[in-house]
Amino acid sequence: MVVHLNPDFKVDNFWADNPNQFTFFLSHNHEDHLTGLTNGNNYGGGGNAAVGGNSGGAAFQPRTDWAYGRIYTGKVNAKILLNRFPHLCRYVSTLDLHTEYNIKGRLVTLIEANHCPGATMFIFKSHMGTVLHTGDFRYVPRMLEAIDKYTDG
């Protein structure tokens, strides 16, 4: 997904034509959120999209030629990602939960998504507005507190 207020930011989609065309963000490590990092060519892959599996049986194989820019993700996600894609270590930057980071002139905050180990949501703030990218999540009431805190309620 391209975050429309930030068209050079992509979340959970790693297709690009040129190096450094986009800044990438990973919410979690399910197969349907790794499109462009594997040889699978359909978003979602169908069926059970957990890391290591899909409806077709074998997991999509990592693309070892991926070299398109910085990937920001949480610490747990980074460990999972680099276990499967060690060749991406020079591209992955980890972000702590509940910390605002200035990335290319925009504030980026990760909050817990309560979906699977390491899953996060992203809050993107710029002069053009605020976007909450949820990825996949399971709602719990404490999420509203975090969202209010980082989006000025």
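A short reminder: the numbers here are calculations on the coordinates, not readings from a lab. Quantities reported herein were computed from a predicted structural model and do not represent experimental measurements. Note that each Cβ is placed from the backbone with ideal geometry, even for glycine, and that neighbours are counted across all protein chains shown.
Descriptive notes on the structure:
- Inter-label distance, nm, simple model (7 Å from Cα along the C-beta direction), Glu145/Asp8: 3.7
- Shown is the FRET efficiency for Leu82 and His127, computed with R0 = 25 Å from the Cβ-Cβ distance and rounded to the nearest 0.05: 0.15.
- Stretchable slack from Leu107 to Thr64, in nm (0.36 nm times residue separation minus alpha-carbon distance): 12.4 nm
- Report note on the peptides 115-128, 20-33: ranked by the mean count of other C-beta atoms within 10 Å, highest first, their order is 20-33, 115-128.
- Listed by chain and number, the lysines placed with their C-alpha closer than 21 angstrom to that of Lys149 are Lys125; residues fewer than eight positions away on the same chain are left out.
- Net dipole in debye of the range 59-153 [+1 Lys, Arg Cβ; -1 Asp, Glu Cβ; about Cα centre; nearest 20]: 340
- Residue order, fewest to most beta carbons within 10 Å, for Thr94, Thr35: Thr94, Thr35
- Order of Leu95, Leu34, Leu132 - criterion: other Cβ atoms within 10 Å of each residue's Cβ, fewest first: Leu132, Leu95, Leu34
- Each peptide in 102-108, 71-77 gets a packing score, the mean of other Cβ atoms within 10 Å over its residues, and the list from highest to lowest is 71-77, 102-108.
- With the simple spin-label model, which puts each label point 7 Å out from Cα in the Cβ direction, the Asn20 to Asp96 separation comes to 2.9 nm.
- Proximal aspartates and glutamates to Lys104, defined as alpha-carbon separation beneath 12 angstrom and excluding residues fewer than eight positions away on the same chain: Asp8
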